[in-house]
Each structure stands twice: as structure tokens, then as C-alpha cells.
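J.: Have a look at this one.
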Amino acid sequence: MKLAMIGFGQAGGKIVDRFLEYDDRTNSGIVRAAIAVNSAKADLIGLDNIPQENRVLIGQARVKGHGVGADNELGAEVAEEDIDEVQNAIDQIPTHEVDAFLIVAGMGGGTGSGGAPVLAKHLKRIYTIPVYGLGVLPGTDEGGIYTLNAARSFQTFVREVDNLLVFDNDSWRQTGESVEGGYEQINEEIVRRFGILFGAGEVGDGQEVAESVVDSSEIINTLSGGGVSTVGFASEEVELNTGGGLLSRFTGDGGGGDDGLDAANTTNRITSLVRKAALGRLTLPCEIEGTERALLVLSGPSEYLNRKGIERGRKWLEEETGSMEVRGGDFPRQEPEVSAAILLSGVTNVPRIKRLQQVAIEAQDNIDDIQQESEENLEELVEDDEDELEPLF
């Protein structure tokens, strides 16, 4: 799948930058074009892979390149005012070669959480190809203002895109690790999961063609209908035998250098891998029952991509989700692992989102109370001397 990726804000820019590095490393060819948009000049300078001409600074008249200070209303305003600057960069993209736009943003800050929905609305008005969002939720320990930003941005962003893929930092930050180290690991996890998902079906010179191809239309159909999506992932290593055969814990093959694999065992291990992916750590934790549409992609050396196992895994996923729209296929890659990536689209039973909105409502009430109290205290402070002094004007 060929994507035009637009990183909005600091987190979005870093993730798209990492996608370009992944693309180069794996030769997957997902990113047809990459743009970074920010109101903070320093964040744009800190990127490594996005070309200089594709880094767009917005809001210069309002914030002078210093960012919007976690004010996502201001982020939305500067995005609206400078949308032509962003469009000028998008105009350089050969959109006839692109399957979809993917707008990536952290939803807790100011520029990305405010500006990403504005850009999504703008792109949907102009282009006929799908516009997807990849939104990253802040951790609950990041503070009330970020939670409030995320809840308001989520509510807006999900309405403006064709589908919102969500990654929840809360589920991935490990205790005791540094903030920078934590985000590095999170960004790598995001890129790995979505890279395999969007990379499926792309075949380069000399690469094997899948038995059951998952192409861009499969992904688009799975994401059609809107709503919220999450991605599950599981993998097992395979090792190259010096005799040329592939041996691994995956097959349970103990040795002998024989290339022949036990089909029944491989089928069972694939089914097990699919279950791990669906019931393990999702990008957005949720109950998978009631999922509207799903897509299963098995990738790895073709010897291991047992068709019967993939079909059995797909059937199991159909039963677990209750969905009649579960697509599946393989993605042969000469990498030392077999992996299952599962896209669950149209999920509705998401306790994390309900909690996020509840905390945001409480934060909003607290902010209103504090503001009112502050105004009353100031009034009281000034009134004490009103009888003695006259104001200048």
C-alpha cells in the first residue's frame, strides 16, 4: 500500500520520520511521500529523514516558531489559517500514485491534536482517496491538560477521517524507563506493526508472490465504514540452518537439515500465533467481540506460511469477533521471524476511551472551577483597596 504520510506536531513528525527509516531498512516501499507539519521550529530541525523541503512551519505570525504550548484550540486555529502552506507541500506529491493519506499525530499536545483534524477535513474535501488518521493517546501520568486535549481531539479526529487507527501510550510505557527511551521504543513498536500491515502485498524484484495476496484494496475495504481501529501483533523467531534449511522453535523441528516441514505442526503454530496477536497487547486495548471488520496478515519465509493454518486462523478470528468480514492472506518475507498482524476495524467496546472521556470531563470541570475561583480571588484582592485608590483608566 502506497501512503502519503503527514506527521502533524512533534510526536507525529517523529513517527513519520521513523517510518521513512523503516522503509529504507526493510525496502518495503510504503511511504510514497512524507511531510512534517509543526508550529515549533526546533521540532522540525530535530528530524532526520524527512526532506527539508517537506518540513512545513505553521503559525509563524501567531507563535513565532515556538509552538502553541499544549493549547490545541490554538493549534487548530493556526492549522486553519496556514492550511495553504501545508497544501503547497502536498501539491508536490504525485497523488495519482498514492492509495491513501495517513495523518499521524500525538493527541495530547497542542499542534498535532488541534491541527490533524483540521487537515483531515481539508483533504477529504479535495481528494477522493481515503484519509486515515493514526492517533497516539498520551499516558494517564502525563497530566490532566493532555488527557483533556486527547479526549477533545479524539472526538473531532474520528469524525473527520475515514478511519482512526489508535495507539495507546498507556499500554506500552514501561515503569522505570526514561521518557526519551520510552518514546523511542513506542515509536519502533508503532512502525513495526503498521509497517507489516501496510507493507503486505508489495512485491519487489526477485521477491516471492503470496499465495493469498493482501493488497491495498483489502486494507481499504477493512478500514471502510469509519470508526476506530486497533492492531494486534505476535511473532516467533526462525533460524537459518548452516545446511541451508530453515529450522526453528516455530516448527518444533529438532535438526537434520531437512527443508521439509511438518504441515500439521506448522498449521497449529500459525493458529496459535493468530490467537496471541488477537488476544495479546493491542495498540488500543479493547474487547475484540463486536469488531465490524478484520484483516489477518501472516508474514515470514514462505515455507512457514501454511495456507491451511492461515485459513484456520481466519476462521477462529471470525468466531471470536462475530464479524462476517474477516479477510486474510500471507506476505512472504525472507526475515528470521514468522509474524501475525491483525487489523481490527470498527471496534466499539473500548474501556480506555470511556475512561479517557470521563477523566477529561472531570479535568474540564476542575479547570472551570479553578478559573472562577481565580477570578473571585483577584476581584477580592483588588477590591480591598478600591476605596483608597483610583484606577488610572
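The values are calculated or read from the model by the stated rules, or taken from the named source; none is laboratory data. Note that the coordinates shown come from a computational prediction; the quantities given were computed from them, not determined experimentally. No Cβ is skipped: glycine too gets one built from the backbone with ideal geometry, and neighbour counts run over all protein chains shown. To get the accessible areas, we keep the full protein, side chains included, count just its heavy atoms, and leave off ligands, DNA and RNA. Shrake-Rupley method; radii C 1.70, N 1.55, O 1.52, S 1.80 Å.
J.: When a/c reaches 1.5 or more, the comparison of a/b and b/c decides; with that in mind, is region 34-123 rounded, prolate or oblate per its Cα gyration tensor?
T.: It is prolate, given that a/c is not under 1.5 and a/b is the larger ratio.
J.: Can you pull the accessible area of Arg152 for me, 1.4 Å probe, Å² to the nearest 10?
T.: 100
J.: To continue, here is another question. Can you give the alpha-carbon Rg of region 286-340 over 2.2 N^0.38 Å, where N counts its residues?
T.: My calculation over the Cα atoms of region 286-340 gives 1.20.
J.: Also, I was wondering about something else. Could you give the accessible area per residue of region 1-121, probe 1.4 Å, as a whole number in Å²?
T.: That works out to 39 Å² per residue.
J.: Roughly how big is region 45-158's charge dipole about its Cα centre, with Cβ charges of +1 (Lys, Arg) and -1 (Asp, Glu), in debye to the nearest 20?
T.: Dipole of region 45-158, to the nearest 20 debye: 220 debye.
J.: Highest first, please rank the peptides 134-142, 330-338, 49-57 by the mean number of other Cβ atoms sitting within 10 Å of their residues.
T.: Result, highest mean Cβ count within 10 Å first: 134-142, 330-338, 49-57.
J.: Here is a further query. Lys and Arg at +1, Asp and Glu at -1: add these up for the other residues within a Cβ distance under 10 Å of Val350 and post the number.
T.: It works out to a net charge of +1.
J.: Less than 15 Å Cβ to Cβ from Tyr132, Lys/Arg counted +1 and Asp/Glu -1: what total charge do the surrounding residues give?
T.: Neighbour charge sum, excluding Tyr132 itself: +3.
J.: From the phi angles alone, apply the Karplus equation (6.51, -1.76, 1.60; θ = phi - 60°) to region 292-305 and give each ³J(HN,Hα) in whole Hz, x where the residue is Gly or Pro.
T.: 6, 9, 9, 9, 10, 10, 9, 10, x, x, 4, 4, 9, 8
J.: Quick one: the Cα spread of region 13-165 along its three principal axes, in angstroms, biggest first?
T.: Principal extents (Cα only, largest first): 40, 31, 30 Å.
J.: Sticking with this structure for a sec: Can you give the net charge of the other residues whose Cβ lies under 12 Å from the Cβ of Gly226, counting K and R as +1 and D and E as -1?
T.: 0
J.: Now for a separate question. Output wanted: per-residue J couplings in Hz (rounded whole) for region 31-44, from phi through Karplus 6.51 cos²θ - 1.76 cosθ + 1.60, θ = phi - 60°, x for Gly and Pro.
T.: So the J values, rounded to whole Hz, are 7, 7, 7, 9, 10, 10, 10, 7, 9, 10, 4, 4, 5, 5.
J.: About the Cα centre, and with charges only on the beta carbon of Lys, Arg (+1) and Asp, Glu (-1), how big is the dipole of region 262-315? Nearest 20 debye, please.
T.: 80
J.: To continue, here is another question. When N is the residue count of region 1-86, what does its C-alpha Rg come to as a fraction of 2.2 N^0.38 Å?
T.: 1.11
J.: Here's another thing I want to ask about it. How much of Lys315 can a 1.4 Å solvent probe reach, expressed as accessible area in Å² and rounded to 10?
T.: Lys315 exposes around 100 Å² with every protein chain in place.
J.: Starting from the Cα-Cα distance between Ser217 and Glu21, subtract it from 0.36 nm times their residue separation and give me the gain in nm to one decimal.
T.: Contour length minus the Cα-Cα distance gives 68.0 nm.
J.: What share of the DSSP beta bridges in region 1-145 is antiparallel, in percent to the nearest 5?
T.: Looking only at bridges with both residues in region 1-145, the antiparallel portion is about 5 percent.
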